[in-house]
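Have a look at the structure below, then the notes.
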Amino acid sequence: MGLFDKIKSAFVSADGKVTPPSATFATRPDVVYAPASGVLMSLKEVNDAVISAGLLGDGYGILPTGSGVLYAPVNGRISSTTVTNHAIGLRTEDGMEVLIHIGIDTVKMEGKGFSRLVEANDEVRAGQPLITFDVDAIKLAGYEEVIACVISNPDAFSSIEHVGDTGTLLGGRPLVKIGDPLLVARK
């Protein structure tokens, strides 16, 4: 087996599916980290009435750049999945519930362009790939590719601090990379 074959076998399973490598970063149990790299935006800027009103929870929107891979933003258990693979929920050991929703109205894509890499009740580590998604397919279908990452049970905490600001800007907006701190939940 040559070097290329060894590298390829690390990312391709026996059934031929490509598995993205995990991202590695230090974690704290009270912090939600960026599940994707991209341009950070407030939830109020997300072009969806439910998300922008905060009805799904408190957090950020991320306009993704780079690869179409969604990574676990916390250590925890997969609490919910969707048949269409456009959203996923996680619950930490401390009871924090994190919901990540890929795209606006992408449920109408009926799963096309999305592939879930985990199942409900799986234990995951922050930085583990959860879902792959095709940004071009989302755009081609006429939908926005923004990712909403929220703490869906904000009332369980005394405060949620938004710490997602970074020194790197694109068009005056902060850029985040996978594993950058976004939210700190205080009991």
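The values are calculated or read from the model by the stated rules, or taken from the named source; none is laboratory data. All figures in this text were calculated on a predicted structure; none of them were measured in a lab. All Cβ positions, glycine included, derive from the backbone under ideal geometry; neighbour counts span all protein chains shown. Remember, those area values only see protein heavy atoms, side chains included, never the ligands or the DNA or RNA. Shrake-Rupley method; radii C 1.70, N 1.55, O 1.52, S 1.80 Å.
When you look at residue 28, is it open to solvent by 70 Å² or more (accessible area, probe 1.4 Å) and modelled with pLDDT of 95 or more, yes or no? First the steps, then the outcome.
Numbers: open to solvent by 70 Å² or more (accessible area, probe 1.4 Å): yes; modelled with pLDDT of 95 or more: no.
Judged against the criteria, residue 28 is not a match.
For the structure I just gave you, tell me whether residue 178 is of a type outside the set (D, E, K, R) and either touching a His at 6+ places or on another chain (Cβ under 8 Å) or under 25 Å from residue 30 (Cβ atoms) (or both). Write out each step before concluding.
Working: of a type outside the set (D, E, K, R): yes; either touching a His at 6+ places or on another chain (Cβ under 8 Å) or under 25 Å from residue 30 (Cβ atoms) (or both): yes.
Spelling it out, residue 178 is indeed of a type outside the set (D, E, K, R) and either touching a His at 6+ places or on another chain (Cβ under 8 Å) or under 25 Å from residue 30 (Cβ atoms) (or both).
Restricting attention to the stretch 17-41, and to residues there that are in a strand (DSSP E or B) and among the hydrophobic types (A, V, I, L, M, F, W, C), which single residue is farthest from residue 184 (Cα to Cα)? Write out each step before concluding.
First, pick out the residues of the stretch 17-41 that are in a strand (DSSP E or B): 18, 31-33, 38-41.
Okay, now just the ones that are also among the hydrophobic types (A, V, I, L, M, F, W, C), so 18, 31-32, 39-41.
Details: 18: 33, 31: 5, 32: 6, 39: 19, 40: 16, 41: 17 Å.
Result: 18.
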query = Mind checking which pairs have a first residue in the stretch 103-122 that is among the hydroxyl-bearing types (Ser, Thr, Tyr) and a second that is at pLDDT 95 or above and assigned to a strand (DSSP E or B), Cβ under 8 Å, 6 or more apart or different chains?
reply = 106/114; 115/131; 115/132; 115/133
key: Selected residue (only one of 158, 152 is more than 27 Å from residue 106 (Cβ to Cβ) and out of contact with any helix residue (DSSP H, G or I) (no Cβ under 9 Å at 6 or more places or on another chain))   = 158
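Before we move on, is residue 127 modelled with pLDDT of 95 or more, under 17 Å from the mean Cα position of the chain (by Cα) and on the phi > 0 side of the Ramachandran plot? Before you say what the answer is, go through the steps one by one.
Details: modelled with pLDDT of 95 or more: yes; under 17 Å from the mean Cα position of the chain (by Cα): yes; on the phi > 0 side of the Ramachandran plot: yes.
Judged against the criteria, residue 127 is a match.
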task = Identify the single condition in (1) aliphatic (A, V, I, L, M); (2) within 14 Å of residue 72 (Cα to Cα); (3) assigned to a strand (DSSP E or B); (4) modelled with pLDDT under 95 that residue 178 does not satisfy, given that it satisfies every other one.
result = (3)
query = Hey, among the residues in the stretch 42-62 that are open to solvent by 40 Å² or more (accessible area, probe 1.4 Å) and either of a type in the set (Ser, Thr, Tyr) or not in a loop (DSSP other than H, G, I, E, B) (or both), which one's nearest to residue 165 (Cα to Cα)?
reply = 42
task = Could you tell me which residue of the stretch 123-174 is most open to solvent (accessible area, probe 1.4 Å), considering only residues that are without any contact (Cβ under 8 Å) to a residue 40 or more places away in the chain and farther than 20 Å from residue 63 by Cα?
result = 155
ask   = Looking at the stretch 82-100, is at least one residue open to solvent by 50 Å² or more (accessible area, probe 1.4 Å) and on the phi > 0 side of the Ramachandran plot?
value = no
